[in-house]
Amino acid sequence: MNTQSFSRLFPYGTHLCREPMPPMSEMKRDMGLMRQKGFNLIKLQENWMLDEPEEGCCDFSKYQELIEHAAQLDLGVYLGLTCEQAPNWLFRKYPDAHMVGRDGLQVAYQAQSTLPADGKPGPCYDHPGAMADQLRFIKKLVSVLGRYENIVVWNTWQEIGYWAEGLAGSSVCYCPNTIRSYQAWLAIRYEGKIDQLNQHWNVRYSSFEDIYPDRSKRSGAIPQEFYFRYFMDHVQIAGVLRARYDAIKEEDPLNRPVFAHKGGPALASGLDWTYARTQDFLGTSNYPGWGCGSSWDDHRQSRRLDRHDALYTEMWDNLAYRMDHIRSASRPGAPVWAAEYQGGPVSTDFHLGRQPKVEDMRRWLLTTLGAGATGISFWVTRAEIMAPETNGFALLDSEGDTTERLEEAARIGKALNTWPELFKQNNREQAEVAIMLDEWNYQQLSTLKFAPDVLAYSVRGWYRLLWDLNISCDLIEAAQLTEERTLQYKAVIAPMPLSMSDETANNLIRYAQSGGHVILEAAPGRLNETGFAVRGEINPVIRSVMRLSQKRFQMVREPGETDRWSQPERTWGEYADACFLEGEGDFTGSRMRANMYLQTFQADPEQVIFRIGREAAGISQPHGEGNIWLLGTYIGPGGTAYRDVDTTVAVKKLLHTCGVLPSHHGRLLLRKRIGSGQEAWFITNPCRETVSEALQIPAGRTVTDLLDQPLSRIGDSVQLTIEPLSVQVLIVNGTDG
């Protein structure tokens with residue numbers, strides 16, 4: 001299979017193995033089984049430590065043998081790099097290439113195996129010698145393997161990140177090379193003007209060489225801390241990704257796509273927008289059975305998980321939300337890969353997860369596809385042989401030629417490749433709502449206690465509210481507000497915008513002026529972009545346009561005196577009583593639960609849409625052709641904690657006022673992918689009981705079921721009967737004539 005033929009297919013495959021490899025004959029046999037089942041892609045994960053055990057002595061023969069065998073089977077090869085697991089000679093050659101922790105101690109850990117984390121954190125590639133040897137190795141690899149046409153894609157980083165806190169006991173990297181890189185980046189950012197930085201940070205440095213990251217155990221939201229965090233995430237790691245990408249592109253004669261994938265999205269953060277722009281596209285790992293929501297969620301308050309709640313959380317949270325995040329972060333139109341996908345039970349040490357059933361595989365895969373995935377690669381083909389993941393994850397058990405879960409995955413894969421042009425495109429239907437993520441807000445709040453969890457929880461809760469209301473959404477990073485495509489959204493929601501720059505505030509105002517609706521949660525811009533408190537406790541741009549001031553800002557109790565997130569009271573009077581924001585005017589009869597904090601305002605009476613007692617707690621301000629809505633609490637947590645019908649109905653009314661309507665008026669949830677002359681409609685039953693509803697089909701269009709289930713069509717509608725937590729996919733084609 002060459003790259004041209006592969007481009008006509010929906011990429012659907014499995015990861016063959018990781019080091020140490022099983023016998024070659026066993027791997028070739030499994031490749032043949034996968035091809036017989038209709039999979040068209042095999043992933044091979046190379047390993048620098050094993051492929052160049054002695055400097056300059058590279059041996060790629062095992063990959064060559066497997067790639068050649070794959071070609072005979074008409075299989076594409078997805079080849080991934082593992083450069084974090086560097087060979088030991090590199091550390092002997094460059095003893096100062098070790099990363100340095102926050103405490104100043106050199107990271108002693110050198111990975112001897114792909115487990116526990118693919119060699120992370122690895123050497124510091126700010127070291128010029130280590131970087132040069134890494135790139136030399138990558139170019140050698142590509143020069144040898146790049147001649148095989150059935151290699152169809154390269155992966156530069158297996159689950160991007162260093163994960164040093166868990167693996168090495170400290171954040172990284174504080175070595176002299178990285179510190180110098182950080183100082184040079186600051187000099188570029190501030191155009192070489194130290195006075196400009198001093199004014200922005202409210203400090204008095206004499207030169208950029210005097211600036212060091214804060215290294216106290218708990219520094220708080222100061223620029224020295226979160227600017228360095230931003231640098232490590234967005235500049236240092238991004239630089240390594242870009243260098244690997246460039247090395248592959250320089251050597252690859254066929255200029256095949258190059259991507260990397262995350263262990264999971266950086267939820268509530270804008271980080272993945274940066275990573276996606278260092279590669280041709282971005283992917284993510286998908287393990288829906290690895291967890292089940294937050295400890296704050298309603299369904300986690302009982303020791304024994306409810307089956308429906310747990311499986312539903314796997315769908316909307318572990319799959320749809322995370323894939324929507326990666327899809328939204330990607331370049332417009334770029335592929336979106338589920339680059340590792342759970343094929344068997346999660347196994348960590350001897351904690352064995354549930355064995356996925358046929359219905360699990362179908363539910364998982366169709367949910368992921370409904371969120372826009374354009375490629376899926378299962379981890380792994382045959383059960384893991386290596387601790388601590390023994391006998392886990394795979395489509396095949398340790399013995400045997402098939403399983404029910406493999407057969408179902410194969411059936412779905414064959415169906416997808418009946419419509420390759422539809423499913424290989426990044427073509428989710430245009431959303432009318434976007435949830436705004438602000439990376440500087442995220443970085444600041446990450447240095448504080450409690451706040452980062454609240455931010456992530458509020459973003460996630462908004463997603464769940466929209467999901468339940470049958471409203472698809474995108475996520476956008478604050479920097480995107482200046483892009484023309486932002487105007488495609490009828491509403492932009494800004495969860496917990498505690499830190500906000502004047503630039504972001506002005507961009508939101510311009511969006512509203514152009515006809516959009518801005519929905520702000522409480523205390524927007526209480527801190528500026530460098531972490532300092534703003535006089536008046538609301539961003540001055542927002543405050544001026546909305547013609548209001550703060551009256552009160554206070555923590556609010558949880559219902560029933562519970563304490564999922566409440567911090568212990570230091571003394572009497574810190575918390576307001578649990579309450580609802582009560583609507584007035586057009587929102588009379590509506591109410592929203594107050595969560596986390598409560599903010600009230602001094603404002604003109606005609607602006608008020610919600611009150612707490614006699615105090616204004618929700619404001620509406622027309623601006624230009626649009627509107628700005630400021631809600632005096634955090635609504636997002638109500639999507640998953642202390643859920644109540646009133647809050648959901650109030651959010652629905654607010655969005656309706658913004659011109660946002662559900663994609664289907666009924667109990668079934670509908671998401672669409674729009675191709676050229678074809679559409680895929682993903683219909684999900686989120687309920688505990690079977691639901692029967694009719695869906696309208698545009699006149700003159702034909703409709704079939706992706707998995708060949710019989711359909712009952714009467715005129716321009718299709719009658720569907722869908723079991724609980726099931727997903728059905730309709731292929732809606734062009735005109736009958």
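The values are calculated or read from the model by the stated rules, or taken from the named source; none is laboratory data. Everything numeric here is computed off the predicted structure, so don't read it as measured data. Because the Cβ atoms are built from the backbone with ideal geometry, glycine has one as well, and the counts that use them run over all protein chains shown. Note: areas computed on protein heavy atoms with side chains; ligands, DNA, RNA excluded. Shrake-Rupley method; radii C 1.70, N 1.55, O 1.52, S 1.80 Å.
Exactly one residue out of LEU720, LEU725, LEU707 is in contact with a strand residue (DSSP E or B) (Cβ under 9 Å, 6 or more places away or on another chain), in a strand (DSSP E or B) and open to solvent by less than 30 Å² (accessible area, probe 1.4 Å), and it is LEU720.
The residue that is surrounded by the most Cβ atoms within 10 Å (Cβ to Cβ), counting only those in segment 467-478 that are in a helix (DSSP H, G or I) and within 17 Å of the chain's Cα centre (by Cα), is ALA478. Could you tell me whether segment 489-497 includes any residue that is touching a residue at least 24 places away in the same chain (Cβ under 8 Å), in a loop (DSSP other than H, G, I, E, B) and closer than 22 Å to TRP201 by Cβ? Looking for residues that are touching a residue at least 24 places away in the same chain (Cβ under 8 Å), in a loop (DSSP other than H, G, I, E, B) and closer than 22 Å to TRP201 by Cβ, one finds at least one in segment 489-497, hence yes.
Screening the candidates ALA394, ALA387 for the property of being buried (at least 22 other Cβ atoms within 10 Å of the Cβ), over 20 Å from the mean Cα position of the chain (by Cα) and not in a helix (DSSP H, G or I) yields one hit, ALA394.
Is it the case that some residue within segment 215-223 is part of a helix (DSSP H, G or I) and either of a type outside the set (Val, Ile, Thr) or free of Cβ contacts under 8 Å to residues at least 40 places away in the same chain (or both)? Looking for residues that are part of a helix (DSSP H, G or I) and either of a type outside the set (Val, Ile, Thr) or free of Cβ contacts under 8 Å to residues at least 40 places away in the same chain (or both), one finds at least one in segment 215-223, hence yes.
In segment 126-147, the qualifying residues are those that are open to solvent by 20 Å² or more (accessible area, probe 1.4 Å), touching a helix residue (DSSP H, G or I) at 6+ places or on another chain (Cβ under 9 Å) and not basic (Lys, Arg), and the one that is nearest to LEU254 (Cα to Cα) is SER143. When HIS15, HIS69 are checked against the criterion of being within 29 Å of VAL336 (Cα to Cα), open to solvent by 30 Å² or more (accessible area, probe 1.4 Å), modelled with pLDDT of 95 or more and not in a loop (DSSP other than H, G, I, E, B), HIS69 stands alone in meeting it. When PRO524 is tested against (1) part of a loop (DSSP other than H, G, I, E, B); (2) open to solvent by 50 Å² or more (accessible area, probe 1.4 Å); (3) in contact (Cβ under 8 Å) with a residue 40 or more places away in the chain, exactly one condition is not met: (2). Within segment 148-184, the residues that satisfy the criterion of being of a type outside the set (Gly, Ala, Ser) and open to solvent by 40 Å² or more (accessible area, probe 1.4 Å) are GLU149, TRP163, GLU165, LEU167, PRO176, ARG180.
Might you let me know whether segment 306-319 holds any residue that is under 20 Å from GLY263 (Cα atoms), touching a Ser or Thr at 6+ places or on another chain (Cβ under 7 Å) and open to solvent by 10 Å² or more (accessible area, probe 1.4 Å)? No, segment 306-319 has no match at all. When segment 19-75 is filtered for residues that are more than 27 Å from ALA410 (Cβ to Cβ) and of a type in the set (Asp, Glu), the ones remaining, listed by number, are ASP51, GLU52, GLU54, GLU55, ASP59.
Among the residues of segment 622-679, those that are crowded, with 16+ Cβ neighbours inside 10 Å, assigned to a helix (DSSP H, G or I) and not charged (D, E, K, R) comprise GLY636, PRO637, GLY638, GLY639, THR647, THR648, ALA650, VAL651, LEU654, LEU655, THR657.
Going residue by residue through segment 608-616, is there one that turns out to be modelled with pLDDT of 95 or more and more than 26 Å from LYS653 (Cα to Cα)? Within segment 608-616, none of the residues are modelled with pLDDT of 95 or more and more than 26 Å from LYS653 (Cα to Cα). One residue stands out among those in segment 74-113 that are in a helix (DSSP H, G or I) and touching a residue at least 12 places away in the same chain (Cβ under 8 Å): the one that is nearest to the chain's Cα centre (by Cα), which is ALA97. Filtering segment 550-565 to residues that are open to solvent by less than 40 Å² (accessible area, probe 1.4 Å) and closer than 12 Å to TYR642 by Cβ leaves VAL556, GLU558, PRO559, TRP565. From the residues in segment 685-704 that are assigned to a loop (DSSP other than H, G, I, E, B) and touching a strand residue (DSSP E or B) at 6+ places or on another chain (Cβ under 7 Å), which one is most open to solvent (accessible area, probe 1.4 Å)? Selected residue: THR690. Pairing residues of segment 59-70 that are touching a residue at least 24 places away in the same chain (Cβ under 8 Å) with residues that are in a helix (DSSP H, G or I) and open to solvent by 40 Å² or more (accessible area, probe 1.4 Å), at Cβ distances under 6 Å and at least 6 apart in sequence or on separate chains, gives HIS69/LYS28. The set of residues from segment 86-100 being under 30 Å from GLU225 (Cβ atoms) and either surrounded by fewer than 22 Cβ atoms within 10 Å (Cβ to Cβ) or of a type in the set (Val, Ile, Thr) (or both) comprises PHE91, TYR94, PRO95, ASP96, VAL100. Taken together, GLU314, GLU250 contain a single residue that is in a helix (DSSP H, G or I) and under 23 Å from CYS473 (Cα atoms), which is GLU314. With respect to the stated conditions, GLU46 is buried (at least 16 other Cβ atoms within 10 Å of the Cβ), charged (D, E, K, R) and in contact with a Phe, Trp or Tyr (Cβ under 9 Å, 6 or more places away or on another chain).
For segment 187-222, the set of residues classified as at pLDDT 95 or above, buried (at least 19 other Cβ atoms within 10 Å of the Cβ) and closer than 20 Å to GLU503 by Cβ consists of LEU197, TRP201, listed by residue number.
Residues that are touching a residue at least 60 places away in the same chain (Cβ under 8 Å) and more than 26 Å from GLY525 (Cβ to Cβ) were ranked within segment 559-589; the one that is farthest from the chain's Cα centre (by Cα) is ASP586. Is it the case that segment 496-512 has a residue that's acidic (Asp, Glu), under 23 Å from ILE635 (Cα atoms) and out of contact with any His (no Cβ under 9 Å at 6 or more places or on another chain)? Scanning segment 496-512 turns up no residue that is acidic (Asp, Glu), under 23 Å from ILE635 (Cα atoms) and out of contact with any His (no Cβ under 9 Å at 6 or more places or on another chain). Of everything in segment 634-665, what is at pLDDT below 95 and over 25 Å from the mean Cα position of the chain (by Cα)? Give them in sequence order. If the condition is that a residue be at pLDDT below 95 and over 25 Å from the mean Cα position of the chain (by Cα), then HIS664, HIS665 are the ones that fit. Here PRO123, PRO116 are screened, and the one residue that is of a type outside the set (D, E, K, R), within 25 Å of PRO265 (Cα to Cα), open to solvent by less than 30 Å² (accessible area, probe 1.4 Å) and not in a helix (DSSP H, G or I) is PRO123.
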